[in-house]
1. Sort through A:ALA191, A:ALA186 and tell me the only one that's on the phi < 0 side of the Ramachandran plot, part of a helix (DSSP H, G or I) and within 14 Å of chain B (Cβ to nearest Cβ).
2. What is the one condition in (1) within 12 Å of another protein chain (Cβ to nearest Cβ); (2) crowded, with 17+ Cβ neighbours inside 10 Å that B:LYS74 does not satisfy?
3. Suppose we filter B:GLU182, B:GLU217 for residues that are charged (D, E, K, R), modelled with pLDDT under 95 and in the same structural domain as B:PRO76 (by TED's automatic domain parsing); which single one remains?
4. Right, B:ASP128: acidic (Asp, Glu), more than 10 Å from every other protein chain (Cβ to nearest Cβ), touching a residue at least 40 places away in the same chain (Cβ under 8 Å) and surrounded by fewer than 21 Cβ atoms within 10 Å (Cβ to Cβ) or not?
5. Working only within region A:136-182, note down all residues that are of a type in the set (A, V, I, L, M, F, W, C) and not in a helix (DSSP H, G or I).
6. So which residues in region A:144-179 are over 18 Å from B:LEU100 (Cα atoms), facing chain B (nearest Cβ under 10 Å) and aliphatic (A, V, I, L, M), if there are any at all?
Amino acid sequence: MIKIPHRQTVLWIASILVYAFLYIPLIIIVVFSFNDSKLNAEWVGFTLHWYKALLNNHEMLLAARNSLIIAISASFLATTLGTMAGLAIHRYKLKVLPILAFTPVAMPEILLGVSLLLFFLQVLNLTLGMLSIIIAHTTFCIGFVAIIVRARLQGMDESIFEAARDLGATPWQTFHQITLPLIRPAIIAGALMSFTLSIDDFVITFFTKGVGEPILPIQIYTMIKVAVTPEVNAISTLLMLLTLTLIIIATRFDTSMLRGESK
Amino acid sequence: MALLEIRNVTKQFGNFIAVDNVSIEIRAGEFFTLLGPSGCGKTTLLRMIAGFDAPDGGQILLDGEDIVAFPPEKRPFHTVFQSYALFPHMTVADNIGFPLKMSGKAREEIKTRVAETLEEVELSQFADRYPHELSGGQKQRVAFARGLINQPRLLLLDEPLGALDEKLRENMQRELINLQAEAGVTFIYVTHAQNEALALSHRIAVMNQGRIEQIDEPSRIYNFPVNRFVADFIGKINMLNAWVTEVSPVHLKLKVEGLGEVAVPAKDRIKVNDHGVFAVRPEQVRIVPLTTAIHTEFQLNGKIKDFLYIGDVTTYIIELSNSTQIEALLPNSVPGHTKPFEVGDTVAVSWQEQSAQFFPD
C-alpha cells in the first residue's frame, strides 16, 4: 500500500468522483448488454444472447455497414482537406483563415444540420442519402483535422523547412521528404478523430439522411423509442469499444506530437 | 573578382528599414563576419544571401552573375542555423546525406561519402541516432557536416555558437577556424558577439541600424574604429566629453569637459569647436602613483574608486577630478598576489597620444 499524503487524498477522491460520473452510465450499459433479462432492472445472469440477436438483425447490420462507409469516406475526405487547411493556415498568417476553418467545430450542430439540409435541397438540388451525409460529416470534421495539423506545425522549428530548401530540395521535395513525415502523426490522429466523430454523429446525420438507408445512431434511437432493450446495450457496447480503441490510438499519436518527436 | 558581391541591397519590413543600401564584396576563401547588435539587419542580410528573403532593391552577384531571382535550392550556398535545424525524423546519416540525395547522387556514392564525413567529424558511432538523442555539441557537428558535405561555394552561419555554453564555445571557435581552413569554403558568419568576431574572422563588417559602419580586419576595427558606434561596440572604451581647440596636420588639441587639455592624432574633416568624445581603451591607460608622476600633458589626476579582479586582469575604476570615471585594465602578470593600488589611493592616469582618439558627435 502506497502512503498518500493528506492533500493528495482529497485530490484522489475528487478525481475518482469525476471519473465515476463519466463512466458509471457507460459501465451500466456494458454490464446490462450481458444480462440474461429483457429488462434493464436487475442482474439475472450472464449471456451473449443479445450479441447473437444483433447478428440476426439485418436492419441493424445494414445500418452499421452504412455508418462505416460514411465514417471511412468522410474521415478520408476531411483528413485530406483538413491537412491542406492546416498547412494553409500555418503558411499564410491570415487571421480570417483559422476562424473560417474552426467555426464549424464550435457551431451548434443543429444549426449546421439545418443549414446543410437547406444547402443540399435548395442549392445543390441533391437527393438526400449517403452522399449528402458524407459531405455533411466531412464539413464538420475538416476543422478538427486542421486544428490538430496546425498545432503540430506550430510546435516545429520553422528553420527545418528553410534548411531543406537551402540544402537543395525543391518545394515539392521539401513537402514530401520533410513536412509530410513530420505532420504524419497529426494527420493520423486527425483521421481517427474524424472517424469517431462521424460514426456516432446523430444530429447532423438526422437532418441530412433523408428517408433511405438506415444509419447506426439513428437506428439505435429508433429502437429505444420502443424500449431500451438489451440489444441496444449490445450495439452501444460495440460502438463504445470501437470508439475507445480509436481514441486510444489517436492519443498515442497525439502524445508523440506533444513531445515534438516522431519516428 | 569578388566571389560574392552585394550591391546596394535594401530590405524593408513595413516601415522598418532592415537593410539600408548595403554593399559588400566577399573574397573566395574568406572568413567574413557580419557583426552588430540585434536588429541591425545582419540576419536579414544573410537570409537574402541564402535566398529565404528577397531584397527590395539591389543585386547579389555570384561570380558576377545576379542570383536574386534564384530560389534557395538553386544557390550553391548552405546555411548552418542557430537552432541547427536538423531533420528530427531522420538519422544522423540521413541528415548528412540529405544534400547529396537532393542533388541526385547515386545511393552508393551517398553511402560512401556520408561514411567518410562521419569519420572526419568523429560521429561514426552516432550514424543511426536521431537528433534528439545527441548532445548540443554533437548536433552542431552534424549541422556543419551536413552544410559542408556538398562543397558549397559559401557556408552561411547564423550565430551557430549561440546555444553553447562558454567553455564549449571557445573550443568550437578553434574547431571552426580549422574547419574553414581545411574545407577551403568561404564562410559568412553572423554574430552579435564582438569577441567571437575578432577571434574568428579575416574581415568584419560592423552593422548598425541596417547600415554598414565599417569593413576591415579585426585588428584594424579594434584599433582604428571609424566612429563612436564601432569604438563602443567593439571592446571596451573610455569616453569623455570633449571639444576641439586646435587643429594641426599632426594632432588635434582637445579640451576635456571639466578637466585639462589633451592631444590625439589628427583626423580628417575636424574643425575647431567640434564637440564629441575623447576616447581611450582601458588597456592603454596606465596608472601611476601621484608622487612619482612624470609631468606630461596627457595626464589626468584622480582617485581609485573601485576595482574588479577577474583573475588574469584587474580593472581599476578611477574617479577623475570632475567626478567622471575612467577604467584602466592592468594585467596580473607579476607572479603571486600583488595589488599595486588600493581603493582611495590618489593616482594619475596617462596614455600615449597615438592610443587616444576623438570621435565627433
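1. A:ALA186
2. Exception for B:LYS74: condition (2).
3. When all the criteria are applied, what remains is B:GLU182.
4. no
5. Selection gives A:MET156, A:LEU167, A:ALA169.
6. Looking only at region A:144-179, we keep the residues that are over 18 Å from B:LEU100 (Cα atoms), and these are A:144-159, A:179.
Restricting the remaining residues to those that are facing chain B (nearest Cβ under 10 Å) gives A:156-159.
Passing the criteria: only A:MET156.
Listed here are the residues, each with its yes/no results for (1) touching a residue at least 12 places away in the same chain (Cβ under 8 Å); (2) part of a helix (DSSP H, G or I); (3) of a type in the set (Val, Ile, Thr); (4) touching a strand residue (DSSP E or B) at 6+ places or on another chain (Cβ under 7 Å).
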residue: B:ALA54; (1), (2), (3), (4): yes, no, no, no
residue: B:GLY58; (1), (2), (3), (4): yes, no, no, yes
residue: B:GLU108; (1), (2), (3), (4): no, yes, no, no
residue: B:GLU116; (1), (2), (3), (4): no, yes, no, no
residue: B:ARG141; (1), (2), (3), (4): yes, yes, no, no
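Results for (1) under 18 Å from A:SER159 (Cβ atoms); (2) assigned by TED's automatic domain parsing to the domain that holds B:GLN180; (3) under 21 Å from the mean Cα position of the chain (by Cα); (4) in contact (Cβ under 8 Å) with a residue 40 or more places away in the chain, shown as yes or no for each residue.
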| position | (1), (2), (3), (4) |
| --- | --- |
| B:ILE17 | no, yes, no, yes |
| B:GLU25 | no, yes, yes, no |
| B:ALA28 | no, yes, yes, yes |
| B:THR43 | yes, yes, yes, yes |
| B:ASP63 | no, yes, no, yes |
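The values are calculated or read from the model by the stated rules, or taken from the named source; none is laboratory data. Keep in mind it's a predicted model, so treat the numbers as computed, not measured. Heads up, the Cβs are rebuilt from the backbone with ideal geometry, glycines too, and the neighbour counts pull from every protein chain shown.
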